[in-house]
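Enquirer: My questions all concern the structure below.
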Amino acid sequence: MQTNISLMGKILVIGAGGQLGTELTKALADKYGKDHIIASDFQDAVKTKFDYCTFYALNVMDKAALEFIVTKEGVTQIYHLAAILSALGEKNPVQAWDLNMGGLLNVLEVAREHKIEKVFWPSSIAVFGPHSDKDNTPQQAFKDPNTVYGISKLAGEHWCEYYFNKYGVDVRSLRYPGLIGYKSLAGGGTTDYAVDIYHKAIKEEKFTCFLTAHSYLPMMYMDDAIHATLQLMEAPKENISIRTSYNVSGMSFSPDEIYQSLLSYYPNFEIEYQPDFRQQIADGWPRSIDDSNAKKDWNWQPQFDLKAMTAAIVDNLPQYFNYNKNK
Ligand code: AKB
């Protein structure tokens with residue numbers, strides 16, 4: 001349903017071609033009208049995904065290019081999604097830090113200078129680390145991130161809070177768990193196995209998992225992630241009590257549990273476990289998340305558990321990717 005956007009201007013999505021951006025940009029266009037949405041990504045090739053709205057090739061490290069789009073298009077909200085995720089970040093730590101921090105600071109500065117009404121920036125469960133509480137991890141739990149991605153997200157959360165307190169920039173954020181959807185592949189994360197496993201099961205190929213069978217992690221179905229993001233951004237300003245980033249929870253499961261959920265659809269599906277460097281990252285993260293602040297402040301309530309998510313993905317993915325389910 002299209003609602004009346006509360007602004008006369010436009011929403012710029014940075015990193016629109018990624019796993020989250022692909023679906024969030026479409027959801028924003030459906031909600032606010034495609035003429036209000038501008039998609040951007042550093043990869044010009046992804047523009048084919050955005051035939052329904054304006055698209056710019058944009059490297060967020062180029063502040064002048066960002067300002068050009070903001071001024072030319074009359075942008076009043078920015079969703080800044082571009083980042084290097086946990087696993088890829090460990091292969092290129094300095095590059096990950098430069099992009100994750102430099103990109104955010106460019107967005108926050110442009111938001112301050114151009115009086116952008118609202119900014120969305122994703123944080124992650126990666127802000128927690130080996131000495132954080134593992135179960136029902138509280139909003140304010142001790143944090144000792146041990147990946148460059150997690151360090152950049154924790155620093156970024158404090159930059160967001162700083163820009164709100166010091167300059168009044170209305171920047172809002174969620175600590176996403178692993179996001180799982182069927183409309184695009186994940187890339188560079190530690191939770192990506194939970195996307196890849198569906199493709200293998202549906203193609204009836206054996207899956208090699210890079211985590212151990214019982215590595216329990218917080219996850220969220222993409223529909224819930226989109227819903228949480230829109231709800232947070234629509235919430236009245238006075239309800240937002242957390243200006244670093246909100247814990248949000250969907251479900252938690254292990255590789256063995258998602259495998260079992262797929263066996264009822266694909267009884268011959270096989271899995272083997274070959275843990276690699278990503279196991280250590282997963283071991284440092286929470287098993288489950290306490291999101292009571294999000295529930296209290298803006299009525300957050302997830303809709304999908306593992307069973308419902310598997311049913312939705314098995315139903316939609318084969319057609320979406322043109323796989324033949326009964327080959
Ligand atoms: C990753 O695995 O790096 C991301 C995340 C949890 O932020 N999916």
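Enquirer: (1) out of contact with any Cys (no Cβ under 7 Å at 6 or more places or on another chain); (2) more than 22 Å from K134 (Cα to Cα); (3) not aliphatic (A, V, I, L, M): which one isn't true of F277, the others all being true?
Expert: Status for F277: all satisfied but (2).
Enquirer: Here are some residues: A96, A83, A87. Which one is in the same structural domain as E157 (by TED's automatic domain parsing) and farther than 21 Å from F120 by Cβ? Talk me through it step by step, then tell me what you get.
Expert: On the way: A96 fails: farther than 21 Å from F120 by Cβ; A83 fails: farther than 21 Å from F120 by Cβ.
Among A96, A83, A87, only A87 is in the same structural domain as E157 (by TED's automatic domain parsing) and farther than 21 Å from F120 by Cβ.
Enquirer: For L185, which of the numbered conditions (1) touching a Ser or Thr at 6+ places or on another chain (Cβ under 9 Å); (2) at pLDDT below 95 fails to hold?
Expert: Every listed condition holds for L185 apart from (1).
Enquirer: Same structure again: Restricting the first residue to the stretch 271-299 and requiring it to be touching a residue at least 60 places away in the same chain (Cβ under 8 Å), which pairs with a second residue that is basic (K, R) and away from the ligand (no atom under 13 Å from the Cβ) meet a Cβ separation below 6 Å and a spacing of at least six or different chains?
Expert: Matching pairs, first to second residue: P286/K134; R287/K134.
Enquirer: While we're here: Quick one: E205 ticks every box in (1) part of a loop (DSSP other than H, G, I, E, B); (2) touching a residue at least 12 places away in the same chain (Cβ under 8 Å); (3) over 22 Å from K153 (Cα atoms) except a single one, so which number is it?
Expert: (2)
Enquirer: Give me a count of the residues in the stretch 177-190 that are assigned to a loop (DSSP other than H, G, I, E, B), under 16 Å from D305 (Cα atoms) and near the ligand (Cβ under 7 Å from one of its atoms). Steps first, answer last, please.
Expert: Filtering the stretch 177-190 for residues assigned to a loop (DSSP other than H, G, I, E, B) gives 177, 181-190.
This time we only want the ones that are under 16 Å from D305 (Cα atoms), so: 177, 181-182.
Remaining after also requiring near the ligand (Cβ under 7 Å from one of its atoms): 177.
Summing the residues that are assigned to a loop (DSSP other than H, G, I, E, B), under 16 Å from D305 (Cα atoms) and near the ligand (Cβ under 7 Å from one of its atoms) in the stretch 177-190 gives 1.
Enquirer: Which count do you get for residues in the stretch 191-216 that are within 16 Å of the ligand (Cβ to nearest atom) and either of a type outside the set (S, T, Y) or modelled with pLDDT under 95 (or both)?
Expert: The number of residues fulfilling the criteria is 8.
Enquirer: What are the residues in the stretch 48-97 that are of a type in the set (G, A, S) and assigned to a loop (DSSP other than H, G, I, E, B), if any?
Expert: Result: G74, A82, A83.
Enquirer: Moving on. All but one of (1) closer than 24 Å to M251 by Cβ; (2) away from the ligand (no atom under 16 Å from the Cβ) hold for S123; which doesn't?
Expert: Only one criterion is unmet by S123, namely (2).
Enquirer: Looking only at strands (runs of 3 or more DSSP E) that lie completely in the stretch 217-324, which have at least 1 residues being within 14 Å of the ligand (Cβ to nearest atom) and crowded, with 16+ Cβ neighbours inside 10 Å?
Expert: Counting at least 1 such residues, we get 217-221, 251-253.
The values are calculated or read from the model by the stated rules, or taken from the named source; none is laboratory data. Bear in mind the structure is a predicted one, so any value in this text is a computation, not a measurement. All Cβ positions, even for glycine, are placed from backbone atoms using ideal geometry, and neighbour counts span all protein chains on display.
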